Structures are given as structure tokens and as C-alpha cells.
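A quick write-up on the structure given underneath.
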Amino acid sequence: MNTFKKILLSSVMAMSLATLSFTAAAVAKASHEEVKSAIDNTLAKVEEANRALANGTDNEKLIDMVTDARQLQKDISNSILDVKRNQASNVLKQARTALLNNDLQAAKESLTDAVNRYKTIQDLYASNH
């Protein structure tokens with residue numbers, strides 16, 4: 001019985017180490033091009049939503065655009081930018097909430113703020129690379 005416990009414990013530990021190795025490999029650092037592309041795509045989507053709001057686009061379409069921008073920004077993976085990305089993401093969340101509540105003025109303010117924040121992220125990233 002003692003031998004069985006040792007074998008079982010060794011197997012569990014080996015599988016745990018294998019899982020950790022796989023997880024570490026799966027979380028590979030994003031390349032410069034991938035991060036730059038994520039920033040550019042997010043900014044473009046936020047600017048598109050901001051223009052669409054100014055042109056009177058339907059709220060459902062605007063909500064979809066803001067949701068798309070929030071998904072795109074998740075690919076901005078850079079330790080220098082994480083705090084600013086999270087803050088900008090919160091502003092997009094505020095814009096989406098305002099749109100859901102049909103508060104177009106608050107949505108406009110939030111989208112304008114988001115555009116400025118993603119431009120700052122873009123500039124900051126460009127200055128560091």
C-alpha cells in the first residue's frame with residue numbers, strides 16, 4: 001500500500017509539473033507587431049463608434065461596436081500598458097452602460113475619453129518601441 005501511495009503521489013506531481021509547463025508555454029509574450037496591431041485595431045474601433053454615435057447610429061449597433069472594442073483591447077498585452085489599458089477598458093464599459101441606458105451624452109463623453117486614452121496608449125507604446 002505504501003508503494004502504491006508513492007507511485008500515485010509521483011504521478012500526480014509529474015502531471016502537475018507538466019500542466020505548469022504547458023500553461024507557461026501557452027502564455028507566450030506577444031510580439032511587438034501583435035501589440036501594435038491590437039492598439040491600432042482597438043483605437044480604430046473606438047473612433048468608429050464615436051463617429052457612429054455622432055451620426056445618430058442605432059444604439060444596438062453602437063453597443064456592438066463598443067463590445068468589439070473591449071474584446072480587441074484584451075490583446076494589448078504589455079506590462080507597461082496594462083494599467084492604462086484597464087483604465088481605458090473601464091471607460092468603454094461606461095460608454096456601453098450609457099448606451100444601454102440610452103444616455104447619449106454620457107456615451108459621447110465616454111467614447112471621446114476612450115479615444116484619447118487609446119491614443120495615449122498608442123503614443124506611449126510607440127515611444128517605447
Kirkwood Rh, Cα atoms: Rg over Rh of the stretch 65-112: 1.03
Part-to-part distance (alpha-carbon centres) for the stretch 31-53 and the stretch 67-85, which is given in Å: 10
Relative contact order of the stretch 31-128, pairs being alpha-carbon contacts under 8 Å that are 6 or more residues apart, as %: 35
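Only the coordinates and a few stated rules stand behind these numbers; no lab work does. The structure displayed is predicted, hence computed values, not measured ones.
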